[in-house]
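What follows is one structure encoded as structure tokens, with my remarks underneath.
The values are calculated or read from the model by the stated rules, or taken from the named source; none is laboratory data. This structure is a prediction, so every number in the text was calculated from the model and none was measured. We place every Cβ from the backbone using ideal geometry, glycine too, and count neighbours over all the protein chains shown. Note: areas computed on protein heavy atoms with side chains; ligands, DNA, RNA excluded. Shrake-Rupley method; radii C 1.70, N 1.55, O 1.52, S 1.80 Å.
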Amino acid sequence: MEVRVENVRKEFDRFPALHDVSLHIRSGELIALLGPSGSGKTTLLRLIAGLERPTSGKIFFGDEDASEKSVQERNIGFVFQHYALFRHMTALENVSFGLRVRPRSSRPPAGEIRRRAMELLDLVQLSGMQKRYPSQLSGGQRQRVALARALAIEPAVLLLDEPFGALDAQVRRDLRKWLREIHDRTGHTTVFVTHDQEEALELADRLCVMSQGRIEQVGTPDSVYDTPASPFVFGFIGESSELPVTAKNGDIWLGERPVGITDPQFDGPRSRLFFRPHDIELVESDASLAGVVASSRRVGGTRRVELDLDGAAHRVEIDLPLEHPAGERTRIAFRPKRWMLFPAGE
Ligand code: ATP
């Protein structure tokens, strides 16, 4: 099911949690809403679900205006971080619940409900555990039951709000891979809220990056990582450093020192330069950025070094090969290989 959010604004007691948000979610895609705390991710998810009404704007499911429809009418499947299972029901009863409470006219026969629930428990790799109560399952297993329960009603849209937020790192990583596999098999249109960028980059077909109640950028993980649309997105997705620079006749300067890069398109007294730690090259010349090592630590297969530039006026992070002999206070000259400039004030 395709979902279109059109010019939606949501206020709580006059406080705008979302400003004029528009988002087109394609049928069958897995899209992640990503952003810092308070950016409006959960509010947008609850509006899609029908748990909240927009102050203005509309939400379409396919060609139909769903804005005034209830959660049940929208046929939504949910998994929340703390959306507890029914404690007095077994895993099988939990998964069957959504079908068992349907009105008689649309309720499948009992045998069919059981067959479908068993199939879903198998899909989430919990066959054999159907008689267990939630208290007899691990956190990861409970979230898998919650997902099977959400899928049981054949939802038009599956909404997941930090479903793995309360689980430890390894279980989270396993469930993430597994969720992607399930999505590829079942093909439900899925909206996934997370503030964990690694999770979003790994899982989603597209990311929707949010900040302060607005959408900053929508795109594939690669496009958002490689061509961030704003300073906020550059700083929020992946590691990066920022320097306040000036552009004169296309040459970029940090104070009185040339950065070693040019951008003919850019001219201005004040600009913001962004680059990632691995997108640099070491240079011999002093006609480039240079600084002294303040600290260094190992990150996977490289050494991540913090460099102080201009005394300690600016600090940036760059990656060096593990075998690089840099010690504390070593002077290092470098230039960014890939970078982006934004006007100051953006
Ligand atoms: P988090 O990652 O912390 O869950 P979020 O991005 O999901 O954050 P929302 O929960 O959507 O953010 O909240 C967006 C803004 O709206 C916040 O400033 C929040 O305080 C406010 N807000 C959300 N729900 C309500 C409510 N029911 N009443 C009043 N303000 C609310």
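So if I take the centroid of the Cα atoms in the stretch 158-176 and the same for the stretch 33-74, what is the distance between those two points in Å?
22 Å
Given a 10 angstrom Cα cut-off, can you work out which residue in A156, A117, A326 is the most mobile in a GNM of the chain?
Among A156, A117, A326, the largest mean-square fluctuation in the Gaussian network model of the chain belongs to A326.
Give me the percent relative contact order of the chain, please, defined on Cα pairs under 8 angstrom at least 6 residues apart. Before the final figure, lay out the partial values.
On the way: 700 pairs, mean separation 54.5, N = 346.
Relative contact order of the chain: 16 percent.
From the helices alone, meaning DSSP H stretches of at least four residues, give me the mean residue ellipticity at 222 nm for the chain, per-run term -39500 (n - 2.57), in deg cm²/dmol to the nearest 500. Show your work: numbers first, answer last.
Details: 9 runs with 88 residues, N = 346.
Here the helix-only value at 222 nm equals -7500 deg cm²/dmol.
DSSP beta bridges in the chain, what fraction antiparallel, as a percent rounded to 5? Don't skip to the end; give the middle numbers.
Details: 58 of 77 bridges.
In the chain, DSSP labels about 75 percent of beta bridges as antiparallel.
For the stretch 35-86, state which GluC sites (Glu not before Pro) are in a DSSP loop and have at most 11 other beta carbons lying within 10 Å of their beta carbon. Can you show the working numbers first?
Details: sites: E52, E64, E68, E73; in loops: E52, E68.
Taking the stretch 35-86 and a limit of 11 other Cβ atoms within 10 Å, the loop GluC sites (Glu not before Pro) found are E68.
Pop out the carbon and sulfur fraction of the accessible area of the chain as a percent, whole number, probe 1.4 Å. Display every interim value, and only then the final one.
On the way: 8040 of 16830 Å².
So the carbon and sulfur contribution to the accessible surface is 48 percent.
Per residue of the stretch 52-59, in order, report the coupling 6.51 cos²θ - 1.76 cosθ + 1.60 (Karplus, θ = phi - 60°) as ³J(HN,Hα) in whole Hz, putting x for Gly and Pro.
Ordered by residue, 3J(HN,Hα) equals 10, 9, x, 5, 8, x, 9, 10 Hz.
If a/c stays under 1.5 just call it rounded; otherwise compare a/b with b/c (prolate if a/b is bigger, oblate if not). Do that for the stretch 286-340, with a ≥ b ≥ c from the square roots of the Cα gyration tensor eigenvalues. Intermediate results must be reported in sequence, preceding the final value.
Numbers: a/c = 1.68, a/b = 1.25, b/c = 1.34.
Because a/c hits 1.5 or more and a/b fails to exceed b/c, the stretch 286-340 counts as oblate.
May I have the count of lysine pairs in the chain with C-alpha atoms under 28 Å apart, counting pairs 8 or more residues apart or located on different chains?
Going through the chain pair by pair, I get 9.
What's the magnitude of the charge dipole for the chain around its Cα centre, counting Lys and Arg as +1 and Asp and Glu as -1 at the beta-carbon? Answer in Debye, nearest 20. Don't skip to the answer; put the middle values down first.
On the way: 47 positive and 49 negative charges, 350 e Å.
The dipole of the chain has a size of about 1680 debye.
Just the accessible area per residue of the chain, please: how many Å² with a 1.4 Å probe? Write down the numbers at each step before the final one.
Numbers: 16830 Å² over 346 residues.
Using a 1.4 Å probe on heavy atoms only, each residue of the chain averages 49 Å².
Step through the residues of the stretch 173-180 one at a time and calculate ³J(HN,Hα) from phi using the Karplus curve (6.51 cos²θ - 1.76 cosθ + 1.60, θ = phi - 60°), rounding each to whole Hz and writing x for Gly and Pro.
Whole-Hz 3J(HN,Hα) from phi for the stretch 173-180: 5, 5, 5, 4, 4, 5, 4, 4.
Percent relative contact order of the stretch 239-343, based on C-alpha pairs within less than 8 angstrom and at least six residues apart?
Details: 239 pairs, mean separation 31.8, N = 105.
Averaging sequence separation for qualifying contacts and normalising by length gives 30 percent for the stretch 239-343.
So what is the relative contact order of the stretch 136-289, in percent, for Cα pairs below 8 Å that sit 6 or more residues apart?
On the way: 181 pairs, mean separation 20.7, N = 154.
Contact order relative to length: 13 percent.
Chymotrypsin sites (Phe, Trp or Tyr not before Pro), restricted to the stretch 134-204: which are DSSP loop and have at most 15 other Cβ atoms within 10 Å? Let's see the in-between values first.
Values: sites: F164, W178, F192; in loops: F164.
Qualifying residues, ordered by number: none.
Taking 0.36 nm per residue of separation and subtracting the Cα-Cα distance, what length does fully extending V299 through S105 add?
On the way: separation 194, 0.36 × 194 = 69.84 nm, distance 5.87 nm.
Extra length available between V299 and S105 comes to 64.0 nm.
Name the residue from T190, I237, M89 whose Cα lies farthest towards the positive end of the charge dipole of the chain, charges +1 on Cβ of Lys and Arg and -1 on Cβ of Asp and Glu.
Checking the options against the dipole of the chain, the answer is M89.
What is the set of long-range amide H partners of Q81 at a cut-off below 5 Å, with H atoms built 1.01 Å from backbone N?
Here D161 satisfy the definition.
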